[in-house]
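Taking it in order: structure first as structure tokens, then the write-up.
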Amino acid sequence: MITVEFPVLIPDTIGLNEYEDKRPLFLLQVDYEVIIDGSRLVIPAGFKYDYASVPRGLWNTFLPYDPQYAGPATAHDYLYGGEIIDRKTADEIFLAGMEFTGVSKVKRNLMYAAVRLFGGFTYKKHTIESIKEIRELSGIKSTLRPLIPVYVKGCLNTP
């Protein structure tokens, strides 16, 4: 079981006048820290993402930038977009993050099921260029996909 903590629950972002798949993009203004299994992961300022990738028709029930799951969505988008770890582990971190922030069990399990069922479509759209763009924000040069093929507690430490 993965444990996730957020010292700051809501990332400091600004909205951009940019869209990806008709979803608005946001820019992380300051580094955002996530504690995963006791190890520190820093998502760098300058990271662009859409929070939770919720289809527009479901925004009344699952607002993409709901403060309750803003942190977990930020971590998930970074881990996915940069292919830092394998997709399944990134999804499990998303689920554990939502548990930490108090998302109801029903809602977090629905959101987890959605990323397990549909997240692969986004994951498969990645190009080496899109992955490098995200990794370079953290000074990562490797093009290994995923960067960490097998998740082991402590492997996500960043300075």
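No lab work stands behind these numbers, since they all come straight from the coordinates. Small disclaimer: the values here were computed from a predicted structure and weren't measured. No Cβ is skipped: glycine too gets one built from the backbone with ideal geometry, and neighbour counts run over all protein chains shown.
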Review point. Normalised by the number of residues in the range 1-149, what is the relative contact order in percent for Cα pairs under 8 Å and 6+ residues apart?
Key: 22
Check your understanding: Using modelled backbone amide H atoms (1.01 Å from N, in-plane), which distant-in-sequence or interchain residues come within less than 5 Å of ARG40's amide H?
Key -> THR158
Practice item. Output the peptides 109-116, 57-64, 1-8 sorted from most to least packed, where packing is the average of other Cβ atoms within 10 Å over each peptide's residues. Key: 109-116, 1-8, 57-64
Check your understanding: Out of the range 1-107, which trypsin sites (Lys or Arg not before Pro) are coil in DSSP terms and have no more than 14 other C-beta atoms within 10 Å?
Key -> LYS22
Practice item. Search the structure for amide H atoms under 5 Å from the amide H of TYR32, placed 1.01 Å from N in the peptide plane, and list their residues when 5 or more places away or on another chain. Key: ILE43, ALA45
Practice item. Calculate, axis by axis, the spread of Cα positions in the range 1-65 along the three principal axes, and write the results as whole Å, longest axis first. Key: 36, 27, 16
Practice item. State the dimensionless ratio Rg/Rh of the range 90-143 (Rg: radius of gyration of Cα atoms; Rh: Kirkwood radius). Key: 1.11
Revision key, fill the gap. The Cα extents of the range 63-120 along the principal axes, largest first and rounded to whole Å, are 27, 19, 18
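Counting only C-alpha contacts under 8 Å and six or more residues apart, can you give the relative contact order of the range 40-81 as a whole percent?
Dividing the mean separation by the residue count of the range 40-81 yields 47 percent.
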Practice item. List, in order, the whole-Hz ³J(HN,Hα) value for each residue of the range 83-91 obtained from phi through the Karplus relation with A = 6.51, B = -1.76, C = 1.60 and θ = phi - 60°; use x for Gly and Pro. Key: 6, 5, 9, 5, 4, 4, 5, 4, 5
Check your understanding: Going by the alpha-carbon gyration tensor, a ≥ b ≥ c the square roots of its eigenvalues, is the chain rounded (a/c under 1.5) or, if a/c is not under 1.5, prolate (a/b greater than b/c) versus oblate?
Key -> rounded
Check your understanding: Can you list the residues, at least 5 places off or on another chain, whose amide H is less than 5 Å from the amide H of THR13, using H built in the peptide plane?
Key -> GLN29
